[in-house]
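In what follows, a structure is listed as structure tokens, so that the remarks can point back to it.
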Amino acid sequence: MAIVVFVGANLAVQAAAGDTRGYDYLAYDAAARRLLAGQPVYDLTPEVAGAFGIYFYPPPFLLLALPFAMLPAEAAIWAWTAFLLAAFVLGVVALPVRPTTRWLILILAGLMWPFLYAVKLGQVGPLLFVLFALGWRWLDRDRELGVVTALGTLVKLQPAVIFLWAALQRRWAVLAWGAVVGLIALALTSIVLGLGVWGDFLTLIRQVSDPVSTPHNFTPGAIAYQLGVPADVANVIQLAAMVGVLLVVIAGGLWGAPVPGYLAAVVASQLLSPILWDHYAMLLLLPVAYLLDRGRWWAALVPLALSVLVVQITPPIAYPICFAVMLVAPLLDRGAPTSEAAAAPA
């Protein structure tokens, strides 16, 4: 049943996608094709995030997109989509939970609009999912955790929050291995793309307009702005929310158990982003898996609240609420796991 729901939902969304299929992937593709044509990788004209075809990602990520850009455009989109689905399934398999929980996560993903939307767009969420899942599985291995966290940071900057959590845990070897991977990526990217690409990347990030006023942003500050709150007040709300999230990460790192603290950092990595797109919520399946595996069945309500079945009536405020719940719930879950969950693999 899980496979039927998962595959059927993705096929239905892809069939209905039309011109929006691969919307995000086409930005990676365009940047890679510019590189292959000897042109600058970054377009420095945009001032608003989310515009079509704009590559906002770190330079090393382009090395992953290059092989796909060598294909015809339509074939590249389908190949990238298959790659994302395979990455997500690998992430589900890697989750250190019971097989029953893995099947449930697969079903919930097939029902969850943020996941289906991320795959339709060709967005990198499934890649972050598998890297975060591997980090969870290898949480007691400094080298592996440092490597997968660094790879996540090379895809998008947000996973660097995991390094903050590791520092609070005094896991210095995690940071050291992350630095090794980062230096290798820096050298390789500079050779292939040129040193100037780093300056272009920083320029593009700096010139993007005030994220609180960015359309379709789901941060608390942006939602306040959409509800009519003045921009300066909305910015204060957003700053307060980010400070609160950071305090939760610090508390989880200093006093929380390793797994809940790590998962809090995973959720925080998205909440600390100035722009919170709705498809980022697919990563909430990680703390949902943790709670479901401990017999906390109410956790399934989070992906169901963001289900494709109710997406047309889901209010924007539901997204930061779901993120907030999944940020603190694993840390606050002090009860003993169910007997079945207690037998889950480490």
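What to note about this one:
- Where labels lie 7 Å past Cα in the beta-carbon direction, separation of Arg141 and Trp198 in nm: 3.0 nm
- A Förster radius of 30 Å, combined with the Cβ-Cβ distance separating Leu301 from Ile205, puts the computed FRET efficiency at roughly 0.25.
- Added length on full extension, which subtracts the Cα-Cα distance from 0.36 nm per residue, Leu71 to Val311: 83.0 nm
- Carbon/sulfur fraction of accessible area - the chain, other protein chains in place, 1.4 Å, %: 73 percent
- Segment 206-251: C-alpha pair distances exceeding 14 Å, %: 49 percent
- Residue-averaged [θ]222 nm for the chain, counting only DSSP H segments that reach four residues, each worth -39500 (n - 2.57): -21000 deg cm²/dmol
- Average accessible surface area per residue within segment 252-326, 1.4 Å rolling probe, Å²: 33 Å²
- Virtual spin-label span in nm between Leu332 and Thr100, 7 Å along Cα→Cβ: 2.6 nm
- R0 of 22 Å, Cβ-Cβ distance Ala251-Ile321: FRET efficiency to nearest 0.05: 0.65
- Top positive-direction residue, dipole computed over the chain with Cβ charges, set Trp136, Val310, Thr203: Trp136
- Its convex hull of Cα atoms gives the chain a direction-averaged projected area, equal to a quarter of the hull surface, of 16.9 nm².
- Glu74, Glu144, ranked by accessible area, largest first (probe 1.4 Å): Glu74, Glu144
- For the chain, the relative contact order works out to 21 percent when only alpha carbon pairs closer than 8 Å and six or more residues apart are counted.
- A 1.4 Å probe, protein heavy atoms only, puts the accessible area of Asp43 near 60 Å².
The values are calculated or read from the model by the stated rules, or taken from the named source; none is laboratory data. In this text the structure is predicted, and so the values were computed from the model without any measurement. Counting neighbours? That spans all protein chains shown, and the Cβs are built from the backbone with ideal geometry, glycine included. These area figures cover heavy atoms from the full protein model, side chains too; ligands, DNA and RNA do not enter into them. Shrake-Rupley method; radii C 1.70, N 1.55, O 1.52, S 1.80 Å.
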